[in-house]
Amino acid sequence: MPHTLAVPAHSELIIKKSRFIGCVQPMADRASAQATVDALWKQHPGAAHVCWALLAGGQSAAVDDGEPGGTAGRPMLEVLRHQDLEGVLATVVRYFGGVKLGAGGLVRAYTDTIAQALLTAPKIILQHMQTLQCQVPYALEGLLRREIEAAGAELLQVQHASLVTLQIRLPEAQAPAFVQRINDSGQGRVGWMRYDA
């Protein structure tokens with residue numbers, strides 16, 4: 001089962017006078033990852049490289065940022081894959097110390113920096129969430145609110161018009177049973193506007 005990270009975790013290694021500052025953190029998409037990398041450049045204007053890897057489904061990326069091809073981004077991405085992570089950004093800021101490490105040395109330096117950060121990173125099970133939307137008569141609103149609370153779901157929005165419209169978010173795996181329970185309780189008076197069974 002894939003995991004993601006609860007909070008960012010950091011590491012720092014000095015290898016042959018080069019300083020490697022690593023960070024692993026939860027990240028949903030490439031645009032957010034690029035914004036994070038841009039912010040790192042502002043924090044570390046004297047850095048030689050800011051290499052990064054994003055493991056986020058179809059938006060995954062591996063960037064060597066001027067290091068020899070395949071020596072930074074791709075190895076960092078493999079560390080994330082090996083840990084069965086999803087929705088995680090790994091970044092390493094490198095300050096060059098004047099001693100070349102060679103391709104093998106660079107691969108080890110970047111993978112070790114990320115592996116060190118992951119040692120302290122709290123991991124959580126990644127749950128895909130689903131948003132549901134339904135309409136019910138006013139008489140069923142209380143029942144629905146109790147079911148939402150009992151399921152540990154999140155009530156996102158409520159609108160009162162001729163019917164009550166509720167928007168709910170819960171783990172995808174729980175959605176079919178939740179919908180079935182609501183349909184049974186509502187005796188055919190619940191209208192689903194958004195639900196893909």
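The values are calculated or read from the model by the stated rules, or taken from the named source; none is laboratory data. Remember, predicted model here, so these are calculated numbers, not experimental data. For neighbour counting, all protein chains shown are included, and Cβ atoms are generated from backbone atoms with ideal geometry for every residue, glycine included. Ligands, DNA and RNA are excluded from the accessible area calculation, which covers all protein heavy atoms including side chains. Shrake-Rupley method; radii C 1.70, N 1.55, O 1.52, S 1.80 Å.
Return yes or no: is residue 100 touching a residue at least 40 places away in the same chain (Cβ under 8 Å), basic (Lys, Arg) and open to solvent by 10 Å² or more (accessible area, probe 1.4 Å)? It would help to see each step written out before you state the result.
Details: touching a residue at least 40 places away in the same chain (Cβ under 8 Å): no; basic (Lys, Arg): yes; open to solvent by 10 Å² or more (accessible area, probe 1.4 Å): yes.
No, not satisfied.
Quick one: which of 38, 65, 84 is on the phi < 0 side of the Ramachandran plot and not hydroxyl-bearing (Ser, Thr, Tyr)?
38
Evaluate the following for residue 4: is it in a loop (DSSP other than H, G, I, E, B) and buried (at least 19 other Cβ atoms within 10 Å of the Cβ)? Working first, answer last.
Numbers: in a loop (DSSP other than H, G, I, E, B): no; buried (at least 19 other Cβ atoms within 10 Å of the Cβ): yes.
Spelling it out, it is not the case that residue 4 is in a loop (DSSP other than H, G, I, E, B) and buried (at least 19 other Cβ atoms within 10 Å of the Cβ).
In region 158-176, what residues are touching a strand residue (DSSP E or B) at 6+ places or on another chain (Cβ under 7 Å), at pLDDT below 90 and open to solvent by 60 Å² or more (accessible area, probe 1.4 Å)?
Scanning region 158-176 gives 169, 172.
Going through region 19-31 one residue at a time, which ones are surrounded by 15 or more Cβ atoms within 10 Å (Cβ to Cβ) and either under 13 Å from residue 80 (Cβ atoms) or without any contact (Cβ under 8 Å) to a residue 12 or more places away in the chain (or both)?
Within region 19-31, 22, 23, 24, 25, 26, 27 qualify.
For region 177-197, which residues satisfy the criterion of being exposed (fewer than 13 other Cβ atoms within 10 Å of the Cβ) and either in contact with a Leu (Cβ under 8 Å, 6 or more places away or on another chain) or in a helix (DSSP H, G or I) (or both)?
If the condition is that a residue be exposed (fewer than 13 other Cβ atoms within 10 Å of the Cβ) and either in contact with a Leu (Cβ under 8 Å, 6 or more places away or on another chain) or in a helix (DSSP H, G or I) (or both), then 177, 180, 184, 194 are the ones that fit.
Taking region 57-86 as the region of interest, how many residues are polar (S, T, N, Q), open to solvent by less than 50 Å² (accessible area, probe 1.4 Å) and closer than 15 Å to residue 33 by Cβ?
As a first pass, look at region 57-86 and keep what is polar (S, T, N, Q): 59-60, 71, 83.
Next, only the ones that are open to solvent by less than 50 Å² (accessible area, probe 1.4 Å) stay: 60, 71.
Then keep just the ones that are closer than 15 Å to residue 33 by Cβ; that gives 60.
Qualifying residue count, region 57-86: 1.
In this structure, is residue 92 open to solvent by less than 20 Å² (accessible area, probe 1.4 Å) and under 19 Å from residue 15 (Cβ atoms)?
Criteria met by residue 92.
Is there any pair with a first residue in region 171-184 that is more than 17 Å from residue 154 (Cβ to Cβ) and a second that is outside any helix (DSSP H, G or I) and not charged (D, E, K, R) whose Cβ atoms are under 8 Å apart and which are 6 or more apart or on different chains, and what are they?
What qualifies is 176/197; 183/190.
Just give me the residues in region 105-142 being modelled with pLDDT of 90 or more, touching a Ser or Thr at 6+ places or on another chain (Cβ under 6 Å) and open to solvent by 40 Å² or more (accessible area, probe 1.4 Å), in sequence order.
107, 116, 135
Take residue 40 and tell me if it is open to solvent by less than 10 Å² (accessible area, probe 1.4 Å) and either within 27 Å of residue 103 (Cβ to Cβ) or among the small types (Gly, Ala, Ser) (or both).
Details: open to solvent by less than 10 Å² (accessible area, probe 1.4 Å): no; either within 27 Å of residue 103 (Cβ to Cβ) or among the small types (Gly, Ala, Ser) (or both): yes.
Spelling it out, it is not the case that residue 40 is open to solvent by less than 10 Å² (accessible area, probe 1.4 Å) and either within 27 Å of residue 103 (Cβ to Cβ) or among the small types (Gly, Ala, Ser) (or both).
Inspect all residues belonging to region 35-45 and state whether any of them is within 17 Å of residue 126 (Cβ to Cβ) and either in contact with a Pro (Cβ under 7 Å, 6 or more places away or on another chain) or not acidic (Asp, Glu) (or both).
no
Any residue in region 146-157 that is over 30 Å from residue 85 (Cα atoms), open to solvent by 60 Å² or more (accessible area, probe 1.4 Å) and part of a strand (DSSP E or B)?
Yes; the residues of region 146-157 include at least one that is over 30 Å from residue 85 (Cα atoms), open to solvent by 60 Å² or more (accessible area, probe 1.4 Å) and part of a strand (DSSP E or B).
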